[in-house]
Each structure stands twice: as C-alpha cells, then as structure tokens.
Amino acid sequence: MAHLISASILNADFSNLKKEIDLINVSRTDWFHLDIMDGVFVPNISFGFPIIEQVKKYAQKPLDVHLMIIEPDKYIEQFKAAGADILTVHYEACPHLHRTIQNIKAHGMKAGVSLNPHTPVSVLEDIIQDLDLVLIMTVNPGFGGQKFISNSYNKISRLKKLIIDKKSTAVIEVDGGVDLSNTRMLVDAGVDVLVVGSFIFKSDNPTTTIDALKNA
C-alpha cells in the first residue's frame, strides 16, 4: 500500500487548534496522531481527554492515539469514549501486554504496540499476530523536534521480516525526526505510516509539505 501520513498535533498551534484540524482535514494526511504523556513514563506532559474530545469533534480522519503513560489499562475505556480509533501502548509499560491488546480490541479500537529505541523487535515475536500496528520510536519519546536515530532503519527491517515470517497483518509506523531527508528510505525499509509533526506544522506551507511527504 502507499505510505500513510499521521500528523502529530503535539506540534500544532493550540491557540488555533480548530484551524489546524481543518488544515489536516483538507490535506492528503491520513490520520491525526495524538501523543498522550503523563510526566512519569516520559519526562513531559502533553494533554488529556478534553483535547482528544475536541479533536474528535472536528476531525474527519481517524485518531491515532499513542499512550506514553504508565498503567494504560486503567484508561482504555475512556480513550475509546474520547474518540480514539487506534490505541497504541508501550511494550515497556505493559507487564501483561496480551491482556492489554485484547482489551483495546474488545473496545472496538485497533491495537498497537510501541517500542522505545533500546527495545528490540524480538520482544514482539509471540504477540505480533495479534497486533494491528507496531510503532517504532525513532527518537527517545517525550519531546518533539529531536534528531532521528539512524539505527532505526535496521530495526524496521528486522520488524518487517518478523511480520512476514509470522504472517502478521500489522502495519509499521515510525515517530520521531521524520522529514523529506529520510521519508523514502523509511518507506523502502518497510514503513507503512509516517508520524510527522514539527516538519508539517512549522513549515511555510503545510499543505505543500504534506504533498511532498506523500509523493516521496
């Protein structure tokens, strides 16, 4: 399939959030990406349910919600109610990952697992067939605008091989430092979904930037 773009609203202008949502709605972007941070699992705090609900109110595309929080199981039902279509949890935050994934699916959402840069893809060997998405962090999670970790290409290739070998239907998403300098290499390595934030929202012409990312 052609690669998808998930626009990270963490980098949007929150004083004009409705305008930013409308921009994404009419662009070639495929998903809205929402990073939820608790200041415990990662050293930053972002936003919670009220923002998700407002984005859902105006969004015309799926909400791709990435939980960078401890104990995500406590909030699965609330994220569904707030409007999440895809819910991704961190492997590192889920001691009972299979149960968490099944709970997400039971609430009618697609289920994803994210891996921090230091976590090998081999930890997903026994659950990859249950996943709809795997999110590879290509920066250390917590802040936008970081430099891309170059070893990520090898990690993506290993993940792609695991998906094929296990006959999984999971798509590969990457988040962190994505721009036009690495889009084609990421797609060639096996990436299906590119999370892009500051490169879109801080560009002079976000719509043109999105077109360039889609055409890369």
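The values are calculated or read from the model by the stated rules, or taken from the named source; none is laboratory data. None of the values given here were measured: they were computed from a predicted structure. Here the Cβ is made from the backbone with ideal geometry for all residues, glycine too, and neighbour counts use every protein chain on show.
For segment 15-25, how many residues meet the condition of being of a type outside the set (S, T, Y) and either without any contact (Cβ under 8 Å) to a residue 24 or more places away in the chain or crowded, with 18+ Cβ neighbours inside 10 Å (or both)?
First, the residues of segment 15-25 that are of a type outside the set (S, T, Y): 16-25.
Checking the rest, the ones that are also either without any contact (Cβ under 8 Å) to a residue 24 or more places away in the chain or crowded, with 18+ Cβ neighbours inside 10 Å (or both) come to 16, 19-21, 23-24.
The qualifying residues number 6.
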Open item on the list: Restricting to segment 171-208, name every residue that is touching a strand residue (DSSP E or B) at 6+ places or on another chain (Cβ under 9 Å) and assigned to a helix (DSSP H, G or I).
Closed with: T183, L186, V187, A189, S198, I200, F201, P206
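Applying the selection to segment 183-205, what residues are under 19 Å from A12 (Cβ atoms) and surrounded by fewer than 20 Cβ atoms within 10 Å (Cβ to Cβ)?
Keep residues of segment 183-205 that are under 19 Å from A12 (Cβ atoms), which gives 193-205.
Those that are under 19 Å from A12 (Cβ atoms) and surrounded by fewer than 20 Cβ atoms within 10 Å (Cβ to Cβ): S198, K202, S203, D204, N205.
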Open item on the list: I need the strands (runs of 3 or more DSSP E) fully contained in segment 53-141, keeping only those with at least 1 residues that are among the hydroxyl-bearing types (S, T, Y) and in contact (Cβ under 8 Å) with a residue 24 or more places away in the chain.
Closed with: 86-90, 110-115
Open item on the list: Tell me yes or no: at least one residue of segment 97-110 is under 19 Å from G197 (Cβ atoms) and either of a type in the set (D, E) or crowded, with 18+ Cβ neighbours inside 10 Å (or both).
Closed with: no
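Across segment 73-92, what is the number of residues that are of a type in the set (A, V, I, L, M) and surrounded by fewer than 22 Cβ atoms within 10 Å (Cβ to Cβ)? Even if it seems obvious, please write down each step before you answer.
Start the filter on segment 73-92 by keeping residues that are of a type in the set (A, V, I, L, M), which leaves 76, 81-82, 84, 86-87, 89.
Add one more test, that the residue is surrounded by fewer than 22 Cβ atoms within 10 Å (Cβ to Cβ), and what stays is 76, 81-82.
Number of matching residues: 3.
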TODO: Within segment 91-143, work out how many residues are more than 21 Å from P62 (Cα to Cα) and not polar (S, T, N, Q).
DONE: 24
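Among S168, S150, which is polar (S, T, N, Q), part of a loop (DSSP other than H, G, I, E, B) and either surrounded by 15 or more Cβ atoms within 10 Å (Cβ to Cβ) or touching a residue at least 40 places away in the same chain (Cβ under 8 Å) (or both)? Walk me through how you get there before you give the answer.
On the way: S150 fails: either surrounded by 15 or more Cβ atoms within 10 Å (Cβ to Cβ) or touching a residue at least 40 places away in the same chain (Cβ under 8 Å) (or both).
None of the other options fit; the residue is S168.
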Task: Members of segment 188-215 that are more than 17 Å from I149 (Cβ to Cβ) and either touching an Asp or Glu at 6+ places or on another chain (Cβ under 7 Å) or touching a residue at least 40 places away in the same chain (Cβ under 8 Å) (or both) - done: D192, V193, I200, F201, K202, P206, T207, I210, D211, L213, K214
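Yes/no matrix, rows are residues, columns are (1) under 23 Å from A170 (Cβ atoms); (2) among the hydrophobic types (A, V, I, L, M, F, W, C):
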site: S15; (1), (2): no, no
site: D22; (1), (2): no, no
site: T29; (1), (2): yes, no
site: D38; (1), (2): no, no
site: F41; (1), (2): yes, yes
site: I45; (1), (2): no, yes
site: P62; (1), (2): yes, no
site: A81; (1), (2): no, yes
site: C94; (1), (2): yes, yes
- [ ] Report whether or not V113 is modelled with pLDDT of 95 or more, closer than 23 Å to H3 by Cβ and β-branched (V, I, T).
- [x] yes
- [ ] Might you check whether a residue that is surrounded by 20 or more Cβ atoms within 10 Å (Cβ to Cβ), in a helix (DSSP H, G or I) and β-branched (V, I, T) occurs anywhere in segment 27-50?
- [x] no
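Which residues, taken from segment 129-140, are surrounded by 20 or more Cβ atoms within 10 Å (Cβ to Cβ) and more than 16 Å from G176 (Cα to Cα)?
Pass one, segment 129-140, residues surrounded by 20 or more Cβ atoms within 10 Å (Cβ to Cβ): 131, 133-139.
Result: L131, L133.
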